[in-house]
Amino acid sequence: MTVVSRGKQPSLAQLRAFAAVAEHLHFRDAAAAIGMSQPALSGAVSALEDVLGVQLLERTTRKVLLSAAGERLAVRAKAVLTAVGALMEEAEAVRAPFTGVLRLGVIPTVAPYLLPHVLRLVHSTYPELDLQVHEEQTTSLLDGLTAGRLDLLLLAVPLGVPGITELPLFEEDFVLVVPDDHRLGGRRDVPREALRELPLLLLDEGHCLRDQALDICREAGRGTDTPVTTTAAGLATLVQLVAGGLGVTLLPRIAVEVETGRGGLRTGYFADPAPARRIALAMRAGAARQGEFEEFAEALRGVLRPLPVRPLP
């Protein structure tokens, strides 16, 4: 077999610049995404084209397009950068567990209620860990995890995404939140079927909690012809709409104490088996820090035991 040796090799900076342009198809957005000036990014891509001897981009006055070669090599560039990132993670994990940066992504319907416990655990048990928290919706978190922008996620499962490993933490029931004069307020045996005709208020599209609530309603026999006319961007707004008499909503059990303490609201608990959701940590399958993340999940289960949840093994 003949091995062809080239005098020049692509640099990681060149590959990173090209991968960013391939993703954004816009020089300014790509430069901002990787913290590089636009002229430096353009120069890095041009240098990569010289090294490889192929044209990667088609540049026009209005937009940037990938050439046929660029489309093929963008996949390779991303794979190389992912492999280098894994190499760095492995080296960091070997040096010392629970040190360095941990980029944790959290969904908005979990962050306000669990982060205080997570932060206390990190400060008391892992003081050398540089925890960086990113609150985003599920789709954005998964994109960040697979792209290497995030290391670990705290969110509702199951995800059903190939290449993602879930570390279950707990299950929690959903609770019906109603105005304080509502007939279901204070009951502990609310049948799921009650959801069929209630004026239900939900979060905006993109929140996994909205999808879970709709699934619960479908299981209860609520038809698709029963519209949801009012939505909110967050749970705090949602419960204020309920207090104002616009309808009822479903809250995860960990959010009830925080979100219903403003007055004008009552809760109703479902008859067993109550609708529930499962919360877990999620990581890339085969992550270099897998052992570290599994230990972190076990420690977190212990911290969360006083909450009104059911810890999972």
Scan of the stretch 185-202 for residues that are buried (at least 17 other Cβ atoms within 10 Å of the Cβ) and farther than 19 Å from E219 by Cα, ordered by number: G185, R187
Selection count where residues are open to solvent by 10 Å² or more (accessible area, probe 1.4 Å) and part of a helix (DSSP H, G or I), scope the stretch 89-120: 14
Residue in the stretch 25-32 that is closer than 21 Å to T146 by Cβ, among the acidic types (D, E) and either open to solvent by 70 Å² or more (accessible area, probe 1.4 Å) or assigned to a helix (DSSP H, G or I) (or both) present: yes
Matching residues, the stretch 248-273, being buried (at least 17 other Cβ atoms within 10 Å of the Cβ) and under 16 Å from A220 (Cβ atoms): V248, T249, L250, G268, Y269, F270
Residue list for the stretch 155-183, filter: open to solvent by 40 Å² or more (accessible area, probe 1.4 Å), within 21 Å of F270 (Cβ to Cβ) and either touching a Phe, Trp or Tyr at 6+ places or on another chain (Cβ under 7 Å) or part of a strand (DSSP E or B) (or both): E171, D173
Qualifying residue in the stretch 11-18 (condition: more than 24 Å from L142 (Cβ to Cβ), open to solvent by 60 Å² or more (accessible area, probe 1.4 Å) and in a helix (DSSP H, G or I)): yes
Helices (runs of 4 or more DSSP H) (entirely within the stretch 199-313) containing at least 1 residues that are of a type in the set (A, V, I, L, M) and at pLDDT 90 or above: 235-243, 253-259, 290-303
Test: L73 is modelled with pLDDT of 90 or more, within 26 Å of A17 (Cβ to Cβ) and in a helix (DSSP H, G or I): yes
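The values are calculated or read from the model by the stated rules, or taken from the named source; none is laboratory data. As the structure is a prediction and not an experimental result, all values here were calculated from the model. Note: ideal-geometry Cβ built from the backbone for every residue, glycine included; neighbour counts use all protein chains shown. Heads up: the accessible areas ignore ligands, DNA and RNA and are worked out on the full protein's heavy atoms, side chains in. Shrake-Rupley method; radii C 1.70, N 1.55, O 1.52, S 1.80 Å.
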